[in-house]
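Notes follow the structure.
The values are calculated or read from the model by the stated rules, or taken from the named source; none is laboratory data. The model shown is predicted, which means the values in this text are computed figures rather than measured ones. Note that we place each Cβ from the backbone using ideal geometry, even for glycine, and neighbour counts take in every protein chain shown. Heads up: the accessible areas ignore ligands, DNA and RNA and are worked out on the full protein's heavy atoms, side chains in. Shrake-Rupley method; radii C 1.70, N 1.55, O 1.52, S 1.80 Å.
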Amino acid sequence: MPLNIPNALTWARIVLIPIFVGIFYLPDAIMPMATKNLVATLIFIAAAVTDWFDGYLARALGQTSAFGAFLDPVADKLMVAAALILLVQLSRVDALIAVVIIGREITISALREWMARVGQSASVAVAYVGKLKTAAQMVAIPLLLFNAPLYGVDLRILGNILIYVAAALTLWSMGYYLHRAMPLLQGKIGK
């Protein structure tokens, strides 16, 4: 495991997850809910920014590695899953939405791993619809974590709309990736 700046940023995102979750378990006397919401929102945004930044640095500094390529999406999925579970617990996201998004992440991660093992990883490379899904959920989650109006705009409404858009794109992108893999899946199942 090469220890470099991009991998350190990825590890930092993973270390932030228990802090991110733990904030909501602090008594309200120590940290009022509005402060918890703000701190969690800032942590999530920092994680999203470092996700982009570690990929940029890995390419710019020539510090890409197989371990970094493995760890980066794991860190992303763990942070998103933790955020969605928290939002369900806080009654800000419907459990079905969280199950759809988390279930898709598990399914597509397993599909990509299997496709890589059979030498067909290019068939399920990240597509535009997957990028749209990620953008929608990465905007929706902080809005739902913040959970308050800002400058007269009710961010909760926008966050709810975007999380439903993210869920729809999640199903669409999962269908897209499964469709791309289907010829190989049918060939392996038929044998």
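Restricting attention to the range 1-31, the residues being under 15 Å from the mean Cα position of the chain (by Cα), hydroxyl-bearing (Ser, Thr, Tyr) and over 17 Å from residue 70 (Cα atoms) number 0. Would you call residue 34 of a type in the set (A, V, I, L, M, F, W, C), modelled with pLDDT under 90 and either within 15 Å of the chain's Cα centre (by Cα) or part of a helix (DSSP H, G or I) (or both)? Here the answer is no, as residue 34 does not meet what is asked.
Counting the residues of the range 146-187 that are open to solvent by 70 Å² or more (accessible area, probe 1.4 Å) and outside any strand (DSSP E or B) gives 15. Residue 105 satisfies every condition listed in (1) farther than 20 Å from residue 17 by Cβ; (2) modelled with pLDDT under 95 except (1). Residue 77 meets the conditions (1) over 30 Å from residue 33 (Cβ atoms); (2) open to solvent by 50 Å² or more (accessible area, probe 1.4 Å); (3) among the charged types (D, E, K, R) in every case but one. The failed one is (1).
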